[in-house]
1. How many residues does the stretch 74-100 hold that are open to solvent by less than 30 Å² (accessible area, probe 1.4 Å) and either without any contact (Cβ under 8 Å) to a residue 40 or more places away in the chain or more than 20 Å from W243 (Cα to Cα) (or both)?
2. Within the stretch 226-244, can you find the residues that are under 14 Å from I78 (Cβ atoms) and open to solvent by 10 Å² or more (accessible area, probe 1.4 Å)?
3. Any residue at all in the stretch 128-139 that is crowded, with 20+ Cβ neighbours inside 10 Å and at pLDDT 95 or above?
4. Just give me the residues in the stretch 195-222 being open to solvent by 10 Å² or more (accessible area, probe 1.4 Å), in a loop (DSSP other than H, G, I, E, B), touching a residue at least 24 places away in the same chain (Cβ under 8 Å) and over 22 Å from P88 (Cα atoms), in sequence order.
5. Tell me which of these I191 doesn't satisfy, since it passes every other one: (1) free of Cβ contacts under 8 Å to residues at least 24 places away in the same chain; (2) open to solvent by less than 60 Å² (accessible area, probe 1.4 Å).
6. Going by the conditions given, is T236 farther than 23 Å from P70 by Cβ and assigned to a strand (DSSP E or B)?
7. Just to check your reading of the model, which residue among R162, R147 is open to solvent by 60 Å² or more (accessible area, probe 1.4 Å), within 15 Å of the chain's Cα centre (by Cα) and of a type outside the set (S, T, N, Q)?
8. Considering only residues that are open to solvent by less than 10 Å² (accessible area, probe 1.4 Å) and assigned to a strand (DSSP E or B), which ones fall in the stretch 101-124?
Amino acid sequence: MSSDSHLSRRSFLSLSALTAASALTGCASSANTVTSGDTSIIYRSPMRLFQSPGASSVPSGAELAVMYGPVEDGGFLIPAVPYEQIDPRYYRQRVVDPTGQPPGTIVVDTPSRFLYLVQADGMAMRYGVGIGREGFAWQGSGVIQWRQKWPRWKPPNEMVARQPELVKYSIDNGGMEPGLKNPLGARALYIFSNGEDTLYRLHGNPDWRSIGKAVSSGCVRLMNQDIIDLYDRVPTKAPIVVWQ
């Protein structure tokens with residue numbers, strides 16, 4: 001990709017109008033095709049929207065064993081991630097910042113399945129993510145309005161209507177209690193834009209196999225070890241930009 005086309009693409013994405021996320025559902029399992037009524041959504045394959053120039057700090061095997069080892073947190077023991085079975089590009093690592101955004105900004109590069117946290121030295125922390133149907137439903141800029149450790153999962157009423165077996169986790173019933181099987185995982189970051197909840201979330205994920213993939217439901221999911229790391233680095237009111 002040439003420098004001019006890179007900048008043109010980035011400018012186009014940065015200036016895209018906000019698209020409201022309508023009728024968002026909960027966060028759940030994985031698939032490449034989703035059928036809703038008479039409509040099928042077929043996700044495109046991941047592509048590299050950006051090629052990070054220069055050197056990156058690819059973790060060593062010993063570092064990965066620590067980064068993705070078992071974690072005791074909030075009274076739960078998060079199991080180790082078998083990182084050897086994950087594409088290495090989705091490991092948490094420092095890279096030369098390809099986004100051009102101010103330090104402290106989160107950038108979700110949806111097509112590439114990357115999340116960047118821009119740092120002040122021209123570098124960025126990069127995390128691999130899985131993108132759900134709701135992950136394609138919103139783009140634009142906002143802020144991390146609220147953060148939650150071990151959140152409760154409350155599927156919207158629209159989802160409960162389609163899947164009556166989820167009624168026990170409905171908003172009226174208080175949602176699913178926090179835990180290792182909760183679809184929101186160990187942390188959730190809630191995105192607002194213009195003072196309104198976008199219903200778009202960055203959240204943990206009990207299924208490491210979904211990283212780098214398009215999944216049937218959910219927003220933007222990270223491995224639990226990665227969402228904990230991101231949570232500790234990102235304050236409330238941090239800016240966020242989502243590119244489709």
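The values are calculated or read from the model by the stated rules, or taken from the named source; none is laboratory data. This structure is a prediction, so every number in the text was calculated from the model and none was measured. Cβ coordinates were reconstructed from backbone atoms using ideal geometry, including for glycine residues, and neighbour counts include every protein chain displayed. Protein only, heavy atoms only, side chains kept; ligands, DNA and RNA dropped before computing areas. Shrake-Rupley method; radii C 1.70, N 1.55, O 1.52, S 1.80 Å.
1. 5
2. Of the residues in the stretch 226-244, the ones under 14 Å from I78 (Cβ atoms) are 226-229, 231.
Answer for the stretch 226-244, where residues must be under 14 Å from I78 (Cβ atoms) and open to solvent by 10 Å² or more (accessible area, probe 1.4 Å): I228, D229, Y231.
3. Yes, the stretch 128-139 has at least one match.
4. S216, the sole residue that qualifies.
5. Exception for I191: condition (1).
6. On the way: farther than 23 Å from P70 by Cβ: yes; assigned to a strand (DSSP E or B): no.
In short, no.
7. On the way: R162 fails: within 15 Å of the chain's Cα centre (by Cα).
Only one candidate passes the filter, namely R147.
8. Residues of the stretch 101-124 that are open to solvent by less than 10 Å² (accessible area, probe 1.4 Å), as a first pass: 105-116, 118, 124.
I106, V107, V108, D109, F114, L115, Y116, V118, A124 - these are the residues of the stretch 101-124 that are open to solvent by less than 10 Å² (accessible area, probe 1.4 Å) and assigned to a strand (DSSP E or B).
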